[in-house]
Amino acid sequence: MNSPSTSLAKELIVVAVVPCYRETLHILSVLKKFDEMISHILIIDDACPDKTGELVREQTNDPRIEIIVHDTNQGVGGATLTGYRRALQLEADIIVKVDGDGQMDPRMISTIIRPIVTGRADYAKGNRFFRLEGISNMPLPRLIGNLGLSFASKLSSGYWKTFDPTNGFTAIHAQVARILPLDQIDHTYFFESDMLYQLNVTRAVVADVPMEAIYGEETSNLKVSKVLMPFALKHARNFMKRIFYTYFLRDFNAATLELLLGVLLLAFGLTFGSVKWYVSVASGIPAATGVIILAALPFLIGSYLLISFLNFDVQNQPDQPLHLDL
């Protein structure tokens, strides 16, 4: 028996975007799993050397499938954004992204879009860390990498209650997609993390949906050694921009003062304390009690203020779905 949310979803135009690069081994089996809920299936061939789009054209006859081929490789983000733009032209209500490598089950789309269909969120994403058995099945390098990326994403995006930021199984309400600066979103593997940052700036509500990933023999195009530093720099950039937009440009509140005073006092305490410690060691003369207090007190107060700011930031997540007012 269908749930109310599933029945409602059938009345909506749900468009699936499938970015493809070297996916000839898995794409046909993935396409067989899309049910009748999906109105359109957009295959974005991102200049695939193995011509994934051509394979789909030759081996399928599903009238819902539309193939878009890039002349040059634009990255997974660029391919997804091409799909977003086409989905908006098709007057989609909800846009779902499903990777073509077989790690995501299209039969879970009804579950992924449920928070949007029921009006609880503007954007939903899979979370492979929700169930412990799912974590035990995850390869150790992926587990460690995702843990680090999740914390960095919390800082840069401001969505402290979300996890698994690089998960590519996502859904977005089309009205929210329309107001996002699509031309400014990252085209590389940083796409999903950059989307979260852009969504927070827009004040959209994001929901995590428990899911299980399927790890087969596919080879990931994502090389951790190559993206580690670029990801770190981009997270730092987004963090600084988010803090400026949220606490200085759009609003100036108690949390702003906590941040300013916390940084100043902490910096003073560290600098003053370090200098006096060096002088004490170099001269062999112990620092006076007053000097120690003068260094420690600003450090402690500054640390407390920054922790208070962090607590405010954690509680400052959007909680009113944006698409309800668009």
*With respect to ILE285, determine if the residue is in the same structural domain as GLY77 (by TED's automatic domain parsing) and without any contact (Cβ under 8 Å) to a residue 24 or more places away in the chain.*
no
*asked:* On the basis of being out of contact with any Ser or Thr (no Cβ under 7 Å at 6 or more places or on another chain), of a type in the set (A, V, I, L, M, F, W, C), modelled with pLDDT under 95 and not in a helix (DSSP H, G or I), does ILE172 make the cut?
replied: no
_Tally, over the range 46-76, of residues that are in contact with a Phe, Trp or Tyr (Cβ under 8 Å, 6 or more places away or on another chain) and surrounded by 21 or more Cβ atoms within 10 Å (Cβ to Cβ)_ = 4
*asked:* Restricting to the range 27-81, count the residues that are part of a loop (DSSP other than H, G, I, E, B) and farther than 14 Å from ASP99 by Cβ.
replied: 18
_Single residue of LEU322, LEU266, LEU306, LEU228 found to be touching a residue at least 60 places away in the same chain (Cβ under 8 Å) and of a type outside the set (Val, Ile, Thr)_ = LEU322
*asked:* Whether any residue in the range 182-194 is buried (at least 16 other Cβ atoms within 10 Å of the Cβ), assigned by TED's automatic domain parsing to the domain that holds TYR84, over 30 Å from THR24 (Cβ atoms) and touching a strand residue (DSSP E or B) at 6+ places or on another chain (Cβ under 9 Å) is what I want to check.
replied: no
*Can you tell me which residue within the range 121-161, out of those that are part of a loop (DSSP other than H, G, I, E, B) and within 18 Å of MET108 (Cβ to Cβ), is modelled with the lowest pLDDT?*
ASN137
*How about the range 3-29: which of its residues are aliphatic (A, V, I, L, M) and modelled with pLDDT of 95 or more?*
ILE13, VAL14, VAL15, ALA16, VAL17, VAL18, ILE27, LEU28
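The values are calculated or read from the model by the stated rules, or taken from the named source; none is laboratory data. All figures in this text were calculated on a predicted structure; none of them were measured in a lab. Glycine gets a Cβ as well: all are built from the backbone with ideal geometry, and neighbour counts include every protein chain shown.
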